[in-house]
Amino acid sequence: GAVVSQHPSWVICKSGTSVKIECRSLDFQATTMFWYRQFPKQSLMLMATSNEGSKATYEQGVEKDKFLINHASLTLSTLTVTSAHPEDSSFYICSASLVGSSHEQFFGPGTRLTVL
Amino acid sequence: DAKTTQPNSMESNEEEPVHLPCNHSTISGTDYIHWYRQLPSQGPEYVIHGLTSNVNNRMASLAIAEDRKSSTLILHRATLRDAAVYYCILRPLSNSGYALNFGKGTSLLVTP
């Protein structure tokens, strides 16, 4: 099946710094990628929809200036958490769908962010 | 989005079949029933999906009620590696531009 990778798999940073997370579709093209966030013992919450070559669409309550999303190519989307604070500590997961497919979504392995 | 209801948790013995139920009484005619699972500290993975007919693949079977208001994911022989949170999700027939709306899912515990 199609593979989605994320980098880094985990990151620890100081409060106030910015962290960039990469999401790549390794063997397929994805016009749309999704970013989710998951707090401990909770379900995945959609943060934003990332479309190649256009601005991301953010869910209500997600600050677009804090969570910067760039989808520069059909295989790469990045999420930058700017001025991170401890409450941003979470598990960030991206997913992508095959172009023209209406079914299976492929998820990355997730990135564990810890802000001290 | 149409909502799904699943038990919070279920327990199974290893090598026994597991039936994970899902209620979706407000499903629309064009909603597909998707199942994903999430192993600890990993991203979700696709399990199976269906529309009206029962479906089988190498991972599981999906039994869909005739009125489509409920479905059951069947793991024929549970292994320890099947311990995960299982999500039942409705997704409209559309292009790939729709995100998945995750509920709380069912946490499956498999005991040796």
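The values are calculated or read from the model by the stated rules, or taken from the named source; none is laboratory data. Small disclaimer: the values here were computed from a predicted structure and weren't measured. Reconstructed Cβ throughout: ideal geometry from the backbone, glycine too, with neighbour counts over all protein chains shown. The area values use the complete protein model at the heavy-atom level, side chains included, leaving out ligands, DNA and RNA. Shrake-Rupley method; radii C 1.70, N 1.55, O 1.52, S 1.80 Å.
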Mind running the shape call on chain A? Use the C-alpha gyration tensor, a ≥ b ≥ c as the square roots of the eigenvalues: rounded below 1.5 for a/c, prolate if a/b tops b/c, oblate otherwise. prolate
Rounded to whole Hz and in sequence order, give me ³J(HN,Hα) for the range A:43-59 from the Karplus expression 6.51 cos²θ - 1.76 cosθ + 1.60, θ = phi - 60°, writing x for Gly and Pro. 8, 6, 10, 5, 9, 6, 10, 10, 10, 4, x, 9, 6, 6, 9, 9, 6
In the full protein assembly as shown, how much of B:Y32 is accessible to a 1.4 Å probe, in Å² to the nearest 10? 40 Å²
Regression test value, accessible area per residue of the range B:1-40, probe 1.4 Å, units Å², expected 55 Å²
Considering chain A, which cysteines have no disulfide-compatible partner, defined as another cysteine with its Cβ under 4.7 Å away? A:C13
If you take the accessible area of B alone, add that of A alone, and subtract the area of the pair, what total do you get in Å², probe 1.4 Å, to the nearest 100? 1600 Å²
Computing the accessible area with a 1.4 Å probe over protein heavy atoms, can you report the carbon and sulfur percentage for the protein assembly as shown? 50 percent
In the protein assembly as shown, how many lysine pairs have Cα atoms under 26 Å apart, counting only pairs 8 or more places apart or on different chains? 17
Residue-by-residue Karplus 3J(HN,Hα) for the range A:83-89, coefficients 6.51, -1.76, 1.60, Hz, glycine and proline x: 6, 5, 10, x, 5, 7, 4
Please report how far the C-alpha centroid of the range A:1-30 lies from that of the range A:36-103, rounded to the nearest whole angstrom. 10 Å
Other protein chain Cβ atoms within 10 Å, averaged over every residue that makes up B:41-50: 6
Taking amide H positions as placed 1.01 Å from N in the peptide plane, with prolines and chain starts having none, which residues 5 or more places from B:S107, or on another chain, fall under 5 Å of its amide H? B:S9, B:M10, B:Y86
Per-residue mean of C-beta atoms belonging to partner chains within 10 Å, peptide A:26-38: 2
Vicinal HN-Hα couplings computed from phi for the range B:24-40 (Karplus, 6.51 cos²θ - 1.76 cosθ + 1.60; Hz; Gly/Pro x): 8, 5, 9, 4, 9, x, 9, 7, 8, 9, 10, 10, 10, 9, 10, 6, x
Please list, in chain and number order, the residues 5+ apart from B:L90 or on another chain whose amide H is under 5 Å from its amide H, with Hs placed from the backbone. B:H34
